[in-house]
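The structure appears below as structure tokens.
Laboratory data are not the source of any read-out in this text; all were calculated from the coordinates shown. Note that the coordinates shown come from a computational prediction; the quantities given were computed from them, not determined experimentally. Neighbour counts are summed over all protein chains in view; Cβ atoms, including those assigned to glycine, are modelled from backbone coordinates with ideal geometry.
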Amino acid sequence: MVLPLRSINTKKTGKAPSDPLDGLASRLHGVLAEDRGQRLAKARVAVWIRALFETLFPQTAEWTYATAGEVRDALDASAAELRALLRPLEDDIGDPAEVAEKFFQALPEIHRQLMIDATAIERGDPAAESVDEVILAYPGFLAIAVYRIAHRFCELGVPLLPRVLTEWAHERTGIDIHPGATLGHPVVIDHGTGIVIGETAVIGNNVKLYQGVTLGALSVTKSLASTKRHPTIENDVVIYANATILGGETVIGRGSVIGGNVWITSSVPPNSIVYQRSEVHVRRGRDDFEAPDFVI
């Protein structure tokens, strides 16, 4: 519920309100007055993407469709809502109806790619008992699904909405995929928590990422915004947990395996195995052993 802001009149005295909250309320009211009807509503976007996901994957919905006609009705309702969502962005994108139509024309191909992703996750994870389980319960699949939808909006030149969509998925999964990144198919995310994929990252086909992987930039300087800042991962690569790969010129060659916890800032040839050597010492008994005084 949105509470109305108390009207504040400072014209008579020409002085700022004496109560700091009055000043804050006045500034916030000014934002609302200038921006009314011209904002992309985050909560409304969340409702839209959830409804679309449940239409595309009825396994996740609270209801069932009796006929294909009912499914089509749901898709048409989603298209109508998208047109309304895009209306505040009309100055940037042109006709919202045209953009919505182009998005929904691409939806069958997006769904096809997502089913390839879901099948690859099920085949590659011994714990997965079915594709339905992947669609219902795997955060990696949800993150990839929302990314593929958001990426199409990027291709259509829609501002802001793609990022709102992927951040919705980020909040729910802990997986941060920038909608501007380029992902092949299938891409498999196993567990996934803490994965970060930057805006200009390019990921090929049949790539598998484990939790904590970062595909990032060597520098976060704003002047590099229009350059390729994030790495390229070629086909058939596996990247294990907590590996960090940085830099727009960094290429991980096809068929490589990147071990856990490695830090990579230069290219790796195809079919390489990259790992960090560590030593774990196990001794029997505690005689003459002084434990470190850690407090956690």
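How much length is gained if the chain between THR64 and VAL282 is pulled fully straight, taking 0.36 nm per residue apart and subtracting their Cα-Cα distance, in nm to one decimal? All intermediate terms of the calculation are to be shown ahead of the outcome.
On the way: separation 218, 0.36 × 218 = 78.48 nm, distance 5.65 nm.
Gain on extension, THR64 to VAL282, equals 72.8 nm.
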Phi angles of the range 48-55, converted by Karplus (6.51 cos²θ - 1.76 cosθ + 1.60, θ = phi - 60°) into ³J(HN,Hα) in whole Hz with x for Gly and Pro, give 5, 5, 5, 5, 5, 4, 5, 6
If you put +1 on each Lys and Arg Cβ and -1 on each Asp and Glu Cβ, how big is the dipole of the range 106-262 around its Cα centre, in Debye rounded to 20? 500
State whether the range 38-174 is rounded, prolate or oblate according to the following rule on the C-alpha gyration tensor (a ≥ b ≥ c being the square roots of its eigenvalues): a/c under 1.5 gives rounded; otherwise a/b larger than b/c gives prolate, and the remaining case gives oblate. prolate
Identify, among GLN276, ALA243, GLY255, the residue whose Cα sits farthest towards the positive end of the charge dipole of the range 194-276, taking +1 on the Cβ of Lys and Arg and -1 on the Cβ of Asp and Glu, with the dipole about the Cα centre. ALA243
Using the Kirkwood radius over Cα pairs of the range 194-276, the Stokes-Einstein translational diffusion coefficient at 25 °C and 0.890 mPa s, in µm²/s and rounded to a whole number, is 199
For the chain, just list the percent of Cα-Cα distances falling in each 10 Å bin from zero outward, please. 6, 22, 25, 20, 14, 8, 4, 1, 0
Which angle between 0 and 90 degrees, to the nearest 10, do you get for helix 139-155 versus the longest principal axis of the chain when only C-alpha atoms count? 50
Ignoring everything except DSSP H segments at least 4 long, calculate the 222 nm mean residue ellipticity for the chain; use -39,500 (n - 2.57) per segment, divide by total residues, nearest 500. -13500 deg cm²/dmol
Compare the peptides 266-278, 59-71 by average per-residue count of other Cβ atoms within 10 angstrom and give them in order, highest first. 266-278, 59-71
Using modelled amide H (1.01 Å from N, peptide plane; none on Pro or chain starts), what sits under 5 Å from the amide H of VAL268, excluding residues fewer than 5 places away? VAL251, ILE252, GLY253
Which residue fluctuates the most in the chain, going by a Gaussian network model with Cα springs under 10 Å, if the choices are VAL251, VAL31, VAL47? VAL31
Helix 20-35: inclination vs the chain longest Cα principal axis, degrees, rounded to 10, gives 90
Using the Karplus curve 6.51 cos²θ - 1.76 cosθ + 1.60 with θ = phi - 60°, work out ³J(HN,Hα) for each residue of the range 125-136 in order, rounded to whole Hz, and write x for Gly and Pro. 10, x, 7, 7, 9, 6, 5, 4, 4, 4, 5, 6
